[in-house]
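The values are calculated or read from the model by the stated rules, or taken from the named source; none is laboratory data. Keep in mind that what you see is a predicted model, and the values were worked out from it rather than measured. Don't worry about glycine lacking a Cβ; one is built from the backbone with ideal geometry, like all the others, and counts go over all protein chains shown.
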Ligand code: SAH
Ligand code: SF4
Ligand code: F3S
């Protein structure tokens, strides 16, 4: 499988342990999700790409299909319906999906239907059917309720497209069918869409206008997860800090900080995480909610994109270098032991070597615990594609990317050294990948900690672990 994300080494730890640690920036590669419904006749197979929102959406789709009598399978060759939930964020992500469609065509059961869901469906719309004759259905992220109709149509030989983008749809009433879960961590989508229009980004076009989900349904879903034994929930949205919901019954407004607290109060044993925060929207109230609630994790994914003010302006990020640095200072001031991670794009249009150096220095300044970095990939239809020339050579974009990773590696190593000797509460996720004599889990700061097995300690338990060793990506310790 391709990998255009050289930071994947650090990411692998996340993939290994479940999807809750995946910021929206990370493109995940075709993971197959399965749930079981033995009474069902027809089988569907779903492969998901892209960000956590897409994986969360696949659970909504599974729920809709399950009520139609479908059960899921991990074996594409035996399924009656093959779905691929796609991502458009970078060119490579789309290329990968097209390759998969060829493989489906070759190996699928005779008569099996193929549907393309998600962001690529939304971006290409009807054109997808012309470009990819192998596809029977093209369904955008707000049109999943229409899947049963589209499937019936396709069964009659009528290819279907529904890419209607809604201003209201949040799937609030659909209980997601938890797919391929570790039973410990799960997602709750709290909003959909994005109104920000960063100039490089395709998401506002593929996901439509921002809308927030009914706060009470979010809390009810969290409560349901606790009842099922879940210990960690990640509240998802492209820009969670601009969550706002008004109760139609009494006009009361719920902000993101208030929602965080409402979810945290469901159970002290439920850890609450969230992704992603646009730096312009994260408020002191959110920081105070984190500081004042033990179970709201001390971890913020705060994508900077670039450390240079001119480039940030071209990107339409609405903050400059100094403003972002001030935000980082404020986070460490209110929550001294907070971990901050980020997303970075290298080689954006017209970026000079000097401007790139500003990105390197902001990585040093911010003491990131993790970065997800990408080289710029022009997306058709975006503001940047229309207004600016994609004029940085690929090799320069890649060179800058490796420099970002180099600086980050040094920073993360140093940041992690400070954890040696400290004791953290760790939520155990299971056996470590490298040794069955070791367990792994994360602390509140979202850092992976490996430690020798201890009698009676199992996945889903909270334990205290004293850190004894630290590398760039992993901490090691002993369970107290
Ligand atoms: N809503 C989130 C980001 C979602 S997209 C936020 O604003 O933080 C995830 C990440 O992909 C972005 O943060 C950005 O770093 C990267 N990205 C988006 N468009 C890109 C492009 N055209 N080329 C390269 N990377 C891109
Ligand atoms: Fe894209 Fe910007 Fe919206 Fe994030 S905030 S999804 S980068 S437009
Ligand atoms: Fe997510 Fe990719 Fe769409 S990052 S919102 S699946 S373009």
Out of (1) within 16 Å of ligand 2 (Cβ to nearest atom); (2) touching a helix residue (DSSP H, G or I) at 6+ places or on another chain (Cβ under 6 Å); (3) farther than 22 Å from residue 30 by Cβ, what's the single condition that is false for residue 174?
(1)
Return yes when residue 269 is at pLDDT 95 or above, under 24 Å from residue 337 (Cα atoms) and surrounded by 19 or more Cβ atoms within 10 Å (Cβ to Cβ) and no when it is not.
no
Across segment 77-97, which residue is nearest to ligand 2 (Cβ to nearest atom) among those that are under 14 Å from residue 50 (Cα atoms) and in a helix (DSSP H, G or I)?
93
Odd one out for residue 402, checked against (1) surrounded by fewer than 19 Cβ atoms within 10 Å (Cβ to Cβ); (2) more than 19 Å from residue 346 (Cα to Cα):
(2)
Of (1) part of a helix (DSSP H, G or I); (2) within 16 Å of residue 61 (Cα to Cα), residue 128 fails just (2)
Looking at segment 367-385, which of the residues that are closer than 18 Å to residue 122 by Cα and in contact with a helix residue (DSSP H, G or I) (Cβ under 7 Å, 6 or more places away or on another chain) is farthest from ligand 3 (Cβ to nearest atom)?
378
If you take the residues in segment 162-221 that are touching a strand residue (DSSP E or B) at 6+ places or on another chain (Cβ under 8 Å) and at positive phi, which one is farthest from ligand 1 (Cβ to nearest atom)?
180
Tally up the residues in segment 460-478 that are surrounded by 16 or more Cβ atoms within 10 Å (Cβ to Cβ) and at pLDDT below 95, please.
3
Which residues, taken from segment 217-235, are free of Cβ contacts under 8 Å to residues at least 24 places away in the same chain and within 20 Å of residue 169 (Cα to Cα)?
220
Identify the single condition in (1) modelled with pLDDT under 90; (2) crowded, with 21+ Cβ neighbours inside 10 Å; (3) more than 16 Å from ligand 2 (Cβ to nearest atom) that residue 62 does not satisfy, given that it satisfies every other one.
(1)
